[in-house]
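Please read the structure below before turning to the comments.
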Amino acid sequence: MTGAPIVARTSSAEETRRLAAALAGELAAGDLLLLVGALGTGKTTFTQGLARGLGVTDPVTSPTFTLVRAYRCAAGSVRTLLHADLYRLDRLQDVVDLGLGEMVEDDSVAVVEWGDVAASVFGPETLTVELAAGPPSGGVDEERTVTLRLDGTWAPRRSSLTARLGPWTDAAAAGRRRREA
Ligand SMILES: Nc1ncnc2c1ncn2[C@@H]1O[C@H](COP(=O)(O)OP(=O)(O)OP(=O)(O)O)[C@@H](O)[C@H]1O
Ligand SMILES: [Mg+2]
């Protein structure tokens, strides 16, 4: 069962990285994150924050031409961050051949840009993070809405995840607006 999504907002690339770094604290080996959203909405930026949160020191760049990159994580139970980008895969079979599902072993976490095209291959044990531009405010084009859908093993982690993302969720933003008013 999938409950209501968690909705957060950011207003800069660095804020999206900070949100993702906070989320990284929730990750355990074997976790699979699917990143969805239009071109340039911040999927790679989000992954950079995730990497920061996992103690990756190598710079994280778009894996568009390599399909999947592996980054060594500095500390904690997660040893490797696998970063894949399925944008250029136009056949589902390519995803199956890539074997990413099997690559997510005991000590690694995988994050997949354009993961929605392969959701059926990965199965239901996923956290889906959707990035969308906006809402627009006064011509600022750096705002993003980040929507998290928790499926399978993720569902019981809702309250913990909500707490970690508190600074960026709607309720927190509404409270901030009320205090500032
Ligand atoms: N709030 C924000 N969150 C994330 N990125 C932002 C934000 N505001 C501005 N940006 C900018 O938007 C761009 C996002 O690029 P990025 O490569 O992360 O997107 P992407 O979704 O991975 O793109 P692609 O679909 O090509 O893989 C960057 O230039 C980043 O600086
Ligand atoms: Mg990208």
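The values are calculated or read from the model by the stated rules, or taken from the named source; none is laboratory data. Since the structure is predicted, the reported quantities are computational estimates derived from the model, not experimental observations. As a convention, Cβ positions derive from the backbone with ideal geometry for all residues, glycine included, and neighbour counts pool all protein chains shown.
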### Query
T16 fails exactly one of the following numbered conditions: (1) within 11 Å of the chain's Cα centre (by Cα); (2) more than 7 Å from ligand 1 (Cβ to nearest atom). What is the number of that condition?
(2)
### Query
List, please: which pairs have Cβ atoms under 8 Å, are six or more places apart or on different chains, and start with a residue in region 85-100 that is under 19 Å from T61 (Cα atoms) and in contact (Cβ under 8 Å) with a residue 12 or more places away in the chain and end with one that is hydrophobic (A, V, I, L, M, F, W, C) and exposed (fewer than 10 other Cβ atoms within 10 Å of the Cβ)?
R88/F65
### Message
Out of everything in region 85-96 that is assigned to a loop (DSSP other than H, G, I, E, B) and more than 23 Å from A13 (Cα to Cα), what residue ends up being modelled with the highest pLDDT?
### Response
R88
### Query
Only one of D141, D151 is more than 16 Å from ligand 2 (Cβ to nearest atom), of a type in the set (D, E, K, R) and within 24 Å of E14 (Cβ to Cβ); which?
D141
### Message
Checking K43 against (1) within 20 Å of G166 (Cα to Cα); (2) touching a Leu at 6+ places or on another chain (Cβ under 6 Å): exactly one of these is not met. Which one?
### Response
(1)
### Task
Please verify whether region 97-114 includes one or more residues that are of a type in the set (D, E, K, R), at pLDDT 80 or above and within 14 Å of the chain's Cα centre (by Cα).
yes
### Residue list for region 17-61, filter: in contact (Cβ under 8 Å) with a residue 60 or more places away in the chain, in a helix (DSSP H, G or I) and of a type in the set (S, T, N, Q)
T44, T47
### Summary
Subset of region 96-125, residues β-branched (V, I, T), away from ligand 1 (no atom under 16 Å from the Cβ) and either surrounded by fewer than 22 Cβ atoms within 10 Å (Cβ to Cβ) or at positive phi (or both), comes to V96, V104, V121
### Message
Among the residues of region 110-125, are any touching a Lys or Arg at 6+ places or on another chain (Cβ under 9 Å) and of a type in the set (S, T, Y)?
### Response
no
### Task
Might you check whether a residue that is closer than 23 Å to G166 by Cα and either within 9 Å of ligand 1 (Cβ to nearest atom) or at pLDDT 95 or above (or both) occurs anywhere in region 59-76?
no
### Message
Out of the residues in region 119-136 meeting the condition of being touching a helix residue (DSSP H, G or I) at 6+ places or on another chain (Cβ under 7 Å) and without any contact (Cβ under 8 Å) to a residue 40 or more places away in the chain, tell me which one is nearest to ligand 2 (Cβ to nearest atom).
### Response
V121
### Task
Name the residue, out of L39, L82, that is among the hydrophobic types (A, V, I, L, M, F, W, C), at pLDDT below 95, surrounded by fewer than 21 Cβ atoms within 10 Å (Cβ to Cβ) and under 14 Å from L131 (Cβ atoms).
L39
### Task
Working only within region 94-114, note down all residues that are among the small types (G, A, S) and touching a helix residue (DSSP H, G or I) at 6+ places or on another chain (Cβ under 7 Å).
G101, A110
